[in-house]
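Quick notes on the structure that follows.
The values are calculated or read from the model by the stated rules, or taken from the named source; none is laboratory data. Computed from a predicted structure; not experimentally measured. A quick note on method: Cβ atoms are made from the backbone with ideal geometry, for glycine too, and the neighbour counts reach across all protein chains shown.
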Amino acid sequence: MRAAIYDATGPARDVLKVTEVERPEPGPGEVRVRVAVSGVNPTDVKTRSGATARAIDGFQIPDQDGSGVIDAVGPGVDPARVGQRVWLFLAAAGRRWGTAAEWTVVPGRQAVPLPDGVDLEMGAMLGVPAITAHCCLFADGPVTGQTVLVQGGAGAVGHFSIEFAKRDGARVIATVSSPEKGELARASGADLVLNYREQDVAMEVRAQAGQVRRVVEVALGANLQADLALSGPGTVIVTYAAAPPDPVLPVRACMSANVTLRFVLLYTVPAEAVDQAVADIGNALREGALTPLPVHRFRLDDIATAHEAVEDGVTGKVLLLIGD
């Protein structure tokens with residue numbers, strides 16, 4: 001099969017190549033998927049670059065998320081799954097078989113049936129960002145009737161955080177860095193959108209909403225002071241990214257607010273929470289509550305350019321079209 005691989009970390013154009021490798025066979029509890037679309041996330045480019053390097057088993061096929069059709073199953077998997085349209089998550093977590101290839105193999109629970117009417121491109125957008133958004137929002141309970149602040153509302157995690165929060169009955173405030181991104185956050189359902197480069201976020205939120213109960217945070221170091229200014233007893237600040245600089249923790253201010261700080265890394269989230277997120281994503285898809293991001297499409301041969309687009313912070317979702 002054709003696959004993108006790397007056997008050392010570094011810049012995309014230095015280490016990524018598209019070549020022929022042996023097509024994998026599913027083992028016990030696994031399914032093999034003919035990949036149609038691979039979704040490229042920041043976690044994928046960080047791993048490939050060496051910023052969050054992981055051990056390489058001979059070679060690594062990048063990308064955690066994707067979608068396609070199951071064409072073979074291993075022992076212990078219902079043969080009726082062959083032919084299912086599925087979305088994939090964490091395909092390359094501790095494994096060499098990422099989604100930037102014509103086929104991949106994953107444990108059966110990581111190939112999730114796509115509801116009727118949901119296309120394969122939408123399926124490839126889910127995975128890491130949608131599950132992360134769900135874990136950030138709901139690890140500390142429902143947000144019904146609460147005010148939620150989503151810092152970075154135009155990113156993939158931000159987009160799904162807004163949509164999940166609105167589905168649960170929250171009021172959502174989102175921050176963005178440009179008018180273009182503001183339109184995306186509004187389209188996702190945000191009730192109030194603030195441009196943090198032009199507005200004082202803490203002052204505006206205090207004036208219009210008072211205390212927030214949940215903060216989904218993309219840049220804790222840059223935003224902690226503003227988050228604390230909007231926090232009080234019962235507020236949970238949840239961060240899912242390690243954007244520089246690392247924060248200096250103002251312990252007294254955190255104590256005074258009686259705030260809870262939570263850190264989410266999807267690779268170590270308990271399986272029960274991931275499974276609940278996956279189930280809720282399926283329900284939300286069937287309800288039409290989750291929508292696609294703007295798409296930037298690349299072919300498999302252009303994977304280096306696709307990875308560079310993610311590194312450059314392109315607005316929207318980068319997808320690799322694998323199938324014909």
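Which residues, counting only those in region 306-320, are more than 13 Å from ALA4 (Cβ to Cβ) and either of a type in the set (D, E, K, R) or outside any loop (DSSP other than H, G, I, E, B) (or both)?
GLU308, ALA309, VAL310, GLU311, ASP312, LYS317, VAL318, LEU319
Give ASP227, ASP275, ASP191 a once-over and let me know the one that is under 17 Å from VAL157 (Cβ atoms) and either modelled with pLDDT of 95 or more or among the hydrophobic types (A, V, I, L, M, F, W, C) (or both).
Working: ASP275 fails: under 17 Å from VAL157 (Cβ atoms); ASP191 fails: under 17 Å from VAL157 (Cβ atoms).
None of the others qualify; the one that does is ASP227.
Given the condition in contact (Cβ under 8 Å) with a residue 60 or more places away in the chain, closer than 14 Å to ALA3 by Cβ and out of contact with any Ser or Thr (no Cβ under 6 Å at 6 or more places or on another chain), answer yes or no: does some residue in region 30-41 qualify?
yes
Name the residue, out of ALA273, ALA277, ALA241, that is buried (at least 16 other Cβ atoms within 10 Å of the Cβ) and in a loop (DSSP other than H, G, I, E, B).
ALA241
I'd like the residue in region 217-238 that is part of a strand (DSSP E or B) and not acidic (Asp, Glu) and, out of all such residues, is surrounded by the most Cβ atoms within 10 Å (Cβ to Cβ).
My answer is ILE237.
Can you tell me which residues in region 83-124 are under 29 Å from GLY58 (Cα atoms), more than 16 Å from the chain's Cα centre (by Cα) and not in a strand (DSSP E or B)?
Answer for region 83-124, where residues must be under 29 Å from GLY58 (Cα atoms), more than 16 Å from the chain's Cα centre (by Cα) and not in a strand (DSSP E or B): GLY94, ARG95, ARG96, ALA100, GLU102, GLY108, ARG109.
Can you pull out the residues in region 266-324 that are more than 15 Å from the chain's Cα centre (by Cα) and of a type in the set (Lys, Arg)?
Residues satisfying the conditions are ARG286, ARG297, ARG299.
Would you confirm whether any residue within region 237-248 is under 16 Å from VAL150 (Cβ atoms), outside the structural domain of ALA51 (by TED's automatic domain parsing), touching a Ser or Thr at 6+ places or on another chain (Cβ under 8 Å) and among the β-branched types (Val, Ile, Thr)?
There is at least one residue in region 237-248 that is under 16 Å from VAL150 (Cβ atoms), outside the structural domain of ALA51 (by TED's automatic domain parsing), touching a Ser or Thr at 6+ places or on another chain (Cβ under 8 Å) and among the β-branched types (Val, Ile, Thr).
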